[in-house]
Structure formats: structure tokens, C-alpha cells
1. Do the sum for the chain: with -39,500 (n - 2.57) for every DSSP H run of n ≥ 4, divided by all residues, what is the mean residue ellipticity at 222 nm, to the nearest 500 deg cm²/dmol?
2. So how far apart, in nm, are the two label points at residue 8 and residue 44 if each is 7 Å from Cα heading toward Cβ?
3. State the label only: which of (i) 10.2; (ii) 11.3; (iii) 11.8 corresponds to Kirkwood radius over Cα pairs in Å computed from the shown model?
4. Between residue 33 and residue 17, what is the label-to-label distance in nm when each label sits 7 Å out along the Cα-to-Cβ direction?
Amino acid sequence: MKREPNRAEHDWAADKLLLLWELVARRLAADGQPELAAKLRAWR
């Protein structure tokens with residue numbers, strides 16, 4: 001039987017995913033692709 005994650009686990013995972021998303025966007029901007037970074041941030 002599959003266990004459903006509780007709210008705290010979901011919030012923690014969502015926060016980490018958003019942090020990772022922002023780090024990728026910053027890296028893209030630093031590597032000279034600010035338009036791609038902007039699209040990534042807008043999609044979030």
C-alpha cells in the first residue's frame with residue numbers, strides 16, 4: 001500500500017524544488033543566457 005506524504009513533507013520538497021529551479025536560472029544567467037533564465041523563472 002502506497003503511503004501519502006504529509007503536508008510538511010510536501011512543503012519541504014516543493015521548497016527544495018523551487019530553490020533548485022532558482023539556482024538553475026541563476027546559473028543560466030551567469031553563463032550568458034539571461035533570456036532563457038527569464039523564461040525559466042516565468043514558467044515557474
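Values quoted throughout were computed directly from the atomic coordinates according to the rules given, and no laboratory measurement underlies them. Everything numeric in this text was worked out from a predicted model, so none of it was measured. Here Cβ is always computed from backbone atoms with ideal geometry, including for glycine, and neighbour counts include all displayed protein chains.
1. Values: 2 runs with 34 residues, N = 44.
About -26000 deg cm²/dmol.
2. So the label points at residue 8 and residue 44 sit 2.5 nm apart.
3. Label (iii) holds the value from this structure.
4. For residue 33 paired with residue 17, the spin-label model returns 2.1 nm.
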